[in-house]
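Colleague: Pasting in a structure now, in structure tokens, and then I'll have a few things to ask.
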Amino acid sequence: MYKHTMVGIVTLCAAALLGPAVATSSAAPTTVPVTAHRQLQDPVLVDCLWHPEVRPTDFMLACGDGNSRLTSLRWTDWNANSATATGVNVVNDCKPYCAVGKFHSFPVTVRLDTPQTWKRHPQVRQYTEITLTYPGARPDKFQHTVTYPLWN
């Protein structure tokens, strides 16, 4: 009889301890803080490692080889429709080939557009287009303004 009583007490204690944990985990989605909800409204910029970023200071454009990246980004706008920043595009000239090429810096204005649902996280929207505008010097064979799709 003592053995059955101890098993019953242990079972009741375990149930009492697990009850609040189960209730808390099932209630969590309905108690999302207002600030977290606001962050999901504005789109994100998805980096090479599939991390969502908001107003990053650096961003890799050439994920495969690292031969083009944005640095020193200063965002003047980030909203539900677009984002704008100024910064520097650091580009490898790949002369005579990329492994021995030299990196050159070009001032650039960056604009993010066309927010859409992020396929990996449907509750999040991401910018899907980036436009680079070079006010002065620019990489060889680049137009004054270039637009690229961003990965989804």
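The values are calculated or read from the model by the stated rules, or taken from the named source; none is laboratory data. Everything numeric here is computed off the predicted structure, so don't read it as measured data. Cβ atoms come from the backbone with ideal geometry, glycine included; neighbour counts cover every protein chain shown.
Colleague: Filter segment 46-76 for residues that are assigned to a loop (DSSP other than H, G, I, E, B) and hydroxyl-bearing (Ser, Thr, Tyr) and give the result.
Modeller: At the first step, the residues of segment 46-76 found to be assigned to a loop (DSSP other than H, G, I, E, B) are 47-51, 54-58, 61-67.
THR57 - this is the single residue of segment 46-76 that is assigned to a loop (DSSP other than H, G, I, E, B) and hydroxyl-bearing (Ser, Thr, Tyr).
Colleague: Restricting attention to segment 24-45, and to residues there that are surrounded by 13 or more Cβ atoms within 10 Å (Cβ to Cβ) and part of a loop (DSSP other than H, G, I, E, B), which single residue is modelled with the lowest pLDDT?
Modeller: ASP42
Colleague: Can you tell me which condition TYR97 does not meet? The list is (1) without any contact (Cβ under 8 Å) to a residue 24 or more places away in the chain; (2) touching a helix residue (DSSP H, G or I) at 6+ places or on another chain (Cβ under 8 Å), and all the others hold.
Modeller: All conditions are met except number (2).
Colleague: Here are VAL146, VAL110, VAL90, VAL124: which of them is touching a helix residue (DSSP H, G or I) at 6+ places or on another chain (Cβ under 8 Å), in a strand (DSSP E or B) and surrounded by 14 or more Cβ atoms within 10 Å (Cβ to Cβ)?
Modeller: Exactly one residue qualifies, and that residue is VAL124.
Colleague: Kindly list, by first and then second residue, each pair from a residue in segment 46-69 that is over 20 Å from PRO115 (Cβ atoms) and modelled with pLDDT of 95 or more to a residue that is among the β-branched types (Val, Ile, Thr) and part of a strand (DSSP E or B), limited to pairs with Cβ atoms under 6 Å and residues at least 6 apart or on different chains.
Modeller: Pairs found: ASP58/THR71; SER68/VAL91; ARG69/VAL90.
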